[in-house]
Every structure is written in structure tokens, then in C-alpha cells.
Amino acid sequence: MKKLSKLIMTLMTIFLLAGCGNLGNSSLSSHSQNGKKVTTTTQASKSGQYSTLLQNGHYQVSAISGLSADSNSSNNHNLQAFEAGLLAVSQKEFSPDKYYFQEGQMISAPLAQKWLNRKSNTNPLGLNPVDNGSKDADKRNPIYLQQLLEQDFYTQNNKEYNLAGMTIGLSLNAVDYYTKERYGATFETKISDSQRQQMGQEMANTIIQRLRKNKNLRDIPIVVGLYRQNINDSLVGGSFFSYGVSHKFGDKINDWKAIKEQSQVLPVVNNENPINSNDANDFSNFKNHIENYFPNLSGVTAQVHYQDGSLSGIAITITTQFYGVAQIRSFTQFVQESANRYLPQQPALEIRIQTVQDMQALITKDYNSKQFTSHVLVSY
């Protein structure tokens, strides 16, 4: 019986390792032939974004987006920052001028969940370490890998779109939250930068070796980005800190490149120093200007994002206490003029004007552009 059980477990492991090779087709036809799907694309964007592949006019959602390891991490800012940041990592290898984007379709949800869970006798594919049974914060094996994300990139050849590249994102914990008993108090295991880097690189190479077993994924570059997930009480998401490329037919990443990203909320809290004092002063002047003009504001906050030390994006939220259409339109125009006057011109900009319940207006500007776009949301 022991030999039979061991044989069954071995066969299951082999099947699961090869399983991702049966989950996606690397070639998509742009025309319907004999019942095949019709592939179209969205229009190219002037702001450096990818054109997206559509199947029969429908956007393809990845089955693994939002999956999480079994832990108590709960910062909603992390997932959005993770997805947006991974697209920026992808652009380092896959230019939007050449490649078409599709959310990952090659890794199934059941397989991804096995990878995210702890390794055990019943789950030999787990990437997180075996539970050693300890409840001590410094002695237990923490959950390192919190989330997993896949992005696929296609090139067009005549009437077909062929899979030409893939990016994998690994969201790694800065702190692993755990309980010593069910529904008990939450404790923390802090993970050092060196631990996170080492575990992330080891997991990345393991995933690449598994993906290469799929014949459709043997001869494409696979990019892996490592992301530091922020702590639960942070008001911003985390950031990518490293990435590497496994070139065609390669089974690991030999060269990892550092990524310098930072995010922060303005005004700063808890006596925190601003990442850039000039940018913080610019936002303070903007905030004071609009609060003096319209006193009925509940709050004005910003999330700023830096890449390689330079401000790349600002997302501002303005919460109002007025509802009249004329007031909202007038205020939106005033905010746009104030942003043009006080805020840095280079970074991408998004300003949301809202009440506690509803969105009222949206102002946006692309990176390195002087052109603002504003929309006042009116119900008819």
C-alpha cells in the first residue's frame, strides 16, 4: 500500500507540473474559421499603453488575479499597485509598439493556488515553505509569497497573434501576519530585505522551470518581477524592487536588475519625512489654494509614486460636501487650473473629486503631457 500511495503521489505531481501546458493556446486566429474564436485588438494608445487582445469582442480576465496565500494580509492598495507596477516591468522587455497585451491565460487558478500554498505532503507544488509547527515569530517559517500574477504578450504575423512573451509577478510579504489559534490575536513575523530577495529569486527559477515544461512556453522570454507587499496599515501599496529575464529556452534567471520605486501619501503622517520635499511643498500649496477657494471640503490627499528617484505619478482625492451641478463644474475647472499652476508638470496625474458616497468629477493628464482631460459626472 505504501508503494502504491507513493506511485499515485508521483503521478499526480508529474501531471500537475505539466498541467499548465494544457491551459492555453499560443496562437490565436484573427478570423473565425470552423468555429474558432475571432481575435481583435483595442486601438493603440498615445500614452504608451498596450493594445489589448479581445476574444469575440470580450476582454479576457486572468483566472489567477486576486488569488492569495492563506494568511491574514489585508491591504487593498497592494493589488492595484501590484498589477499596475507589473505592466511597467513588462514594458522593460515588451514594447507596447510591438506587443499586444492579454491578462494571463496559461496558469490555471487551481495550479496557482497550489503554488501559493505551503509545501506539504499533500501539496508538493507549494512554493511557500513547510509549516514547521512553531508559533514563535522568529522561529516559524513565514508565508513569503502572497500573490501571483501572469501577463501574456503577443505579436501579429499575418492574420494570427502568437504568444511571444510572458511576465510573472511575485508579490512577497514584508510582514507575515498569523494567529496562534483560530480567531485569536494577530501576530507578526517580519521578513528582511535579504530574505525576501533570496526567496523571491528561488521561487522565480522554480516557476520558470515548471513553465518550460509547457511546449508553448519553451521558446519565449519570461520576465519575472519581484514586488514588496506593503504592511496592512499602510495607506499606499507596495513597490517592485527587482526583475530578471529568462531568455528563450532558459530555465532560470542569471541576471537580476534592481528597481527603485517608492510610494507615499501626502500630507505625510506620523512625523514621516517626505520622499521629496519640493514635491510635498507643491502639493501643500495646491491643497491650500483650493481649500481657501472652496471651504466646504472634507479632505485633500495625494498618493505620489517615484521611479528611479523621479516623480512618475500623482493620484489626488478631493472629498467635497456640495452636490449642485454648477458648483461641481465650477470647482472642477478651478481644480484643473490650480493643478496646472502648482503641481509638477512631468508626472501622470489623476484627480478624483467625490463625496463620501459618489464620484463627481475626474481630471487626468498623461505622463510628460501638458494636456488635461476633465469629466464631470452628472446623472440624468
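Annotations
- Picking from residues in region 161-197 that are within 19 Å of Ser242 (Cβ to Cβ) and small (Gly, Ala, Ser), the one that is most open to solvent (accessible area, probe 1.4 Å) is Ser194.
- Some residue of region 267-288 being within 19 Å of Leu235 (Cβ to Cβ), touching a Lys or Arg at 6+ places or on another chain (Cβ under 9 Å) and without any contact (Cβ under 8 Å) to a residue 40 or more places away in the chain: yes
- Checking Leu127, Leu111 one by one, the residue that is in contact (Cβ under 8 Å) with a residue 40 or more places away in the chain, closer than 25 Å to Ser242 by Cβ, crowded, with 21+ Cβ neighbours inside 10 Å and not small (Gly, Ala, Ser) is Leu127 and no other.
- Strands (runs of 3 or more DSSP E) contained entirely in region 153-193, each with at least 2 residues that are without any contact (Cβ under 8 Å) to a residue 12 or more places away in the chain, hydrophobic (A, V, I, L, M, F, W, C) and more than 26 Å from Glu83 (Cβ to Cβ): none
- In region 65-80, residue farthest from the chain's Cα centre (by Cα) [restricted to those that are among the small types (Gly, Ala, Ser) and either open to solvent by 60 Å² or more (accessible area, probe 1.4 Å) or closer than 16 Å to Val175 by Cβ (or both)]: Ser71
- Residue in region 179-186 that is within 21 Å of the chain's Cα centre (by Cα) and either closer than 20 Å to Asp255 by Cα or not small (Gly, Ala, Ser) (or both) present: no
- Taken over region 113-138, the criterion of being closer than 17 Å to Glu181 by Cα and of a type in the set (D, E, K, R) is satisfied by Asp131, Lys135, Asp136.
- Ser312 among the small types (Gly, Ala, Ser) and surrounded by 13 or more Cβ atoms within 10 Å (Cβ to Cβ): yes
- For region 115-130, the criterion of being under 17 Å from the mean Cα position of the chain (by Cα), of a type in the set (Ser, Thr, Tyr) and in a loop (DSSP other than H, G, I, E, B) is satisfied by no residue at all.
- Number of the exception - Ile143 against (1) buried (at least 23 other Cβ atoms within 10 Å of the Cβ); (2) in a strand (DSSP E or B): (2)
- Of the set (1) open to solvent by less than 40 Å² (accessible area, probe 1.4 Å); (2) part of a loop (DSSP other than H, G, I, E, B); (3) at pLDDT below 90, all apply to Ser62 but (3).
- Residues of region 130-151 that turn out to be under 24 Å from Tyr243 (Cβ atoms) and free of Cβ contacts under 8 Å to residues at least 60 places away in the same chain, as a count: 2
The values are calculated or read from the model by the stated rules, or taken from the named source; none is laboratory data. These numbers come from a predicted model, not from an experiment. Every residue, glycine as well, gets a Cβ built from its backbone with ideal geometry; the counts of neighbours run over all protein chains shown. In case anyone asks, the SASA skips ligands and DNA or RNA and just uses the protein heavy atoms, side chains included. Shrake-Rupley method; radii C 1.70, N 1.55, O 1.52, S 1.80 Å.
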